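Q: This is the structure I want to talk about, given as structure tokens.
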Amino acid sequence: MRNGLLLLVSVLMLTGILAGQVRAHELQPSSLELRQLTQERFEVIWRAPLYYRKPHPAQLRLPESWQAIGSPTVRSMPDSQLHRQLVAVSKGRADGAVIRFVGLESTITDVFVRFVWLDGQETTAIARPSRPWVEVVAQRSGWQIAQDYAVLGVEHILSGFDHLTFVLALMLLVRGARRLLITVTSFTVAHSITLAAATLGVVWVPAPPVEAVIALSILFLAGELVKVNRGIPSLTADYPWSVAFAFGLLHGFGFAGALGDLGLPQHEVPLALLMFNLGVELGQLLFVGACLALLMMLNMLRRWPAWMKQVPAYGIGGIAAYWLIERVSGF
């Protein structure tokens, strides 16, 4: 019965993963950087990712009192459009001004906003479909920063289909609630270490190889699952927490790459890093909880044929192989 239920759970999750992979670029947040060049001049850099292969529907609208200097430049990239504009802002008219993103409410993506001030200080804010605007502030409260980065962490892990596939493979491999808890905790501790180290600049690893090896780690777990289903001894089945810890160190670099793209508020780096990591863990627990809840709801289903228990292993392996080839070819 358990194999059949896990099969159904994995098939449902893989369907979501495949659908999500198609939408991966569409879920990327937009970004806006407002960089102060002089007391009354700012550079505005607006990156709008493609949204379902079309220009992003959200339009940047600066305060009416801000005056454009020269013509804006637009650079088209494979996955986004980059807009640059110089603006003149009268002294005292920046702090407290409202920047709007018209049309963001009709999307499912956020806009990460970074303000870089003349003295080198940085502040951040996030616009969401439910609140498609941000207020320009020279200093944000710790509570606001904590809330924003926790939400970013949850959103990142729930749209990180490779990380979720890895966790799903672990769930299919590990037998027993206690062993599963220890394994997931080991994975969490490991990627928290490398996330912090990479974000703080202690260690640096180029992103493309990391993404490729993450796909390879999923392919490895798929192979281990095939072994377990055939009754062959498996390193991961015998020592799941050790394998989860080793690969968790690698996955942490992947999380750090995403956080590096967003940036951290200069005056609240430890707080933002902590809350982003807690958000990632919360999202991961939500994923595990959803899988377990679905498993409990399917307890009354009939037994599946024995040969079908290999379907999840080959499904996960096929997806991981595709990701590996795609990422290696992109070097």
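Q: Looking at the stretch 117-135 only, could you name the residues that are more than 19 Å from the chain's Cα centre (by Cα) and either farther than 23 Å from Lys91 by Cα or at pLDDT below 85 (or both)?
A: Restricting attention to the stretch 117-135, the residues satisfying the condition of being more than 19 Å from the chain's Cα centre (by Cα) are 117-123, 130-135.
Residues satisfying the conditions are Trp117, Leu118, Asp119, Gly120, Gln121, Glu122, Thr123, Ser130, Arg131, Pro132.
Q: Tell me, which residue of the stretch 99-151 that is crowded, with 20+ Cβ neighbours inside 10 Å and of a type in the set (Asp, Glu) is nearest to Val280 (Cα to Cα)?
A: The extreme case among them is Asp148.
Q: May I pose another question? Of (1) closer than 21 Å to Ala272 by Cβ; (2) touching a residue at least 24 places away in the same chain (Cβ under 8 Å), Arg131 satisfies all except one. Which?
A: Of everything listed in (1) closer than 21 Å to Ala272 by Cβ; (2) touching a residue at least 24 places away in the same chain (Cβ under 8 Å), Arg131 misses just condition (2).
Q: Sticking with this one: For residues that are closer than 25 Å to Arg178 by Cα and assigned to a helix (DSSP H, G or I), scanning just the stretch 296-317, find the one that is modelled with the highest pLDDT.
A: Applying the filter and picking the extreme gives Ile316.
Q: Output the residue which, of all residues in the stretch 213-238 that are of a type in the set (Ser, Thr, Tyr) and modelled with pLDDT under 90, is nearest to Val174 (Cα to Cα).
A: That would be Thr236.
Q: Quick check: anything in the stretch 264-276 modelled with pLDDT of 85 or more, surrounded by fewer than 14 Cβ atoms within 10 Å (Cβ to Cβ) and more than 20 Å from Leu221 (Cβ to Cβ)?
A: Within the stretch 264-276 (the criterion being modelled with pLDDT of 85 or more, surrounded by fewer than 14 Cβ atoms within 10 Å (Cβ to Cβ) and more than 20 Å from Leu221 (Cβ to Cβ)), the answer is no, since none of the residues qualifies.
Q: Tally the residues that are exposed (fewer than 15 other Cβ atoms within 10 Å of the Cβ) and either in contact with a Cys (Cβ under 8 Å, 6 or more places away or on another chain) or touching a residue at least 60 places away in the same chain (Cβ under 8 Å) (or both), restricting the search to the stretch 181-205.
A: Final tally of qualifying residues: 1.
Q: Among the listed residues Ala293, Ala320, which satisfies the condition of being at pLDDT 85 or above and in the same structural domain as Thr183 (by TED's automatic domain parsing)?
A: On the way: Ala293 fails: at pLDDT 85 or above.
Sole residue among the options that is at pLDDT 85 or above and in the same structural domain as Thr183 (by TED's automatic domain parsing): Ala320.
Q: When only residues in the stretch 230-255 that are among the small types (Gly, Ala, Ser) and touching a residue at least 40 places away in the same chain (Cβ under 8 Å) count, which is farthest from Ile157 (Cα to Cα)?
A: So the first thing to find is which residues in the stretch 230-255 are among the small types (Gly, Ala, Ser), and the list is 231, 234, 237, 242, 244, 246, 248, 252, 254.
Checking the rest, the ones that are also touching a residue at least 40 places away in the same chain (Cβ under 8 Å) come to 234, 237, 242, 244, 246, 248, 252, 254.
Values: Ser234: 28, Ala237: 25, Ser242: 22, Ala244: 17, Ala246: 19, Gly248: 14, Gly252: 11, Gly254: 11 Å.
Top of the filtered list is Ser234.
Q: Also: Does Ser242 meet the test of being assigned to a helix (DSSP H, G or I), touching a Leu at 6+ places or on another chain (Cβ under 9 Å) and farther than 23 Å from Leu295 by Cα?
A: Values: assigned to a helix (DSSP H, G or I): yes; touching a Leu at 6+ places or on another chain (Cβ under 9 Å): yes; farther than 23 Å from Leu295 by Cα: yes.
Taking the combined requirement at face value, the residue satisfies it.
The values are calculated or read from the model by the stated rules, or taken from the named source; none is laboratory data. No experiment lies behind these values; they were computed from the predicted model shown. As a convention, Cβ positions derive from the backbone with ideal geometry for all residues, glycine included, and neighbour counts pool all protein chains shown.
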